[in-house]
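A quick write-up on the structure given underneath.
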Amino acid sequence: MGLPQRQPHSWLLCLLVALVWPQPCTSLELIPYTPQITPGDLEGKVTATTFSLEQPRCVLDGHARAADTVWLVVAFSNASRDFQNPKTLAEIPAFPQLLTDGHYMTLPLSLDQLPCEDPVGDIPVLRVGNDPDCLADLHQPSYCNTPLPGPGPYRVKFLLMDPEGSPQAETRWSGPITLHQGKSPGSIDTWPGRRSGDMIVITSILSSLAGLLLLAFLAASTVRFSSLWWPEEVPEQLRIGSFM
């Protein structure tokens, strides 16, 4: 009679079942779209505190329901990899978290606000940072679209969420977006050697014209005052005739 066969432990069976049994996919659907700055010649599409994005029209229609919301995620370029999609509406990061965590969400839009047809005679854009008064308004939500605090660079992506705040799909992150910055007065180079040849020629001509005008004015003034202080002498014949 042989030795009794040892039965495998129940925990080992559970582990094997967990490894073999197919797990439901929990990753978000990645939409093959990359947000970008509005193309074309649009004045002010990038400023010191704002930038204008191309609207994602007809990009999310096949992935969203009527009640879903499209959010814009804004992050510092070096903090975009650390961004974790919120799981509920309460976890949506507000603008103040940009200064602490490096990211926030703003501009919630419905699909009705992103129709496929472009408006006639208008350029559809999303201007990020376009509401300077929203933080001071107590009736505004905390995810308001307030001006950006610095040059960045920033990266953005669109996140589709259902009414409960559960993520449904997302786009790719954009490339780095750097805002314009004005120069301080001390950094402006005023050395004439930096000027172009055309500027030097124009400056010389204007200086010469100014000098000629000044000489003409002085000459006219001299003639005028000399006639007042030294009147012309009366002709000799007129003086003799006056005593006869």
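Every number in this text was worked out from the coordinates using simple rules, so none of it is lab data. Small disclaimer: the values here were computed from a predicted structure and weren't measured. Counting neighbours? That spans all protein chains shown, and the Cβs are built from the backbone with ideal geometry, glycine included.
So the values come out like this:
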| read-out | value |
| --- | --- |
| Phi to ³J(HN,Hα) by Karplus 6.51 cos²θ - 1.76 cosθ + 1.60 over the range 59-74, Hz, x for Gly, Pro | 9, 9, 4, x, 10, 10, 9, 4, 8, 6, 10, 9, 10, 9, 9, 10 |
| Inter-probe distance in nm under a simple model that places probes 7 Å from Cα toward Cβ, at THR222 and VAL125 | 6.0 |
| Taking CYS116, CYS144 and counting other C-beta atoms within 10 Å, the order from fewest to most | CYS116, CYS144 |
| Efficiency of FRET between ASP133 and THR203 - r from beta-carbon atoms, R0 41 angstrom, step 0.05 | 0.35 |
| Inter-site label distance for ARG65 and THR49 at 7 Å from Cα along Cβ, in nm | 4.0 |
| Nonlocal amide H pairs with GLY102, under 5 Å, H built at 1.01 Å | none |
| Packing-based ranking, highest mean first, of 55-62, 85-92 given that Cβ atoms within 10 Å are counted | 55-62, 85-92 |
| Cα gyration tensor shape for the range 27-181, rounded if a/c is under 1.5, else prolate or oblate | rounded |
| Estimated vicinal HN-Hα couplings, Hz - the range 166-171 in sequence order (Karplus 6.51, -1.76, 1.60; Gly, Pro = x) | 8, x, 10, 7, 8, 9 |
| Backbone HN-Hα couplings from phi across the range 212-221 [Karplus 6.51/-1.76/1.60, Hz, Gly and Pro as x] | 5, 4, 5, 5, 5, 5, 5, 5, 5, 5 |
| In nm, spacing of pseudo-spin labels at CYS58 and GLN36 (7 Å Cα→C-beta vector) | 1.6 |
| Distance-filtered residues of the range 41-76 - backbone nitrogen under 11 Å, label point 7 angstrom along ASP118 Cα→Cβ | 41, 55 |
| Normalised contact order of the range 57-122, rounded percent, pairs of Cα under 8 Å and 6 or more residues apart | 45 |
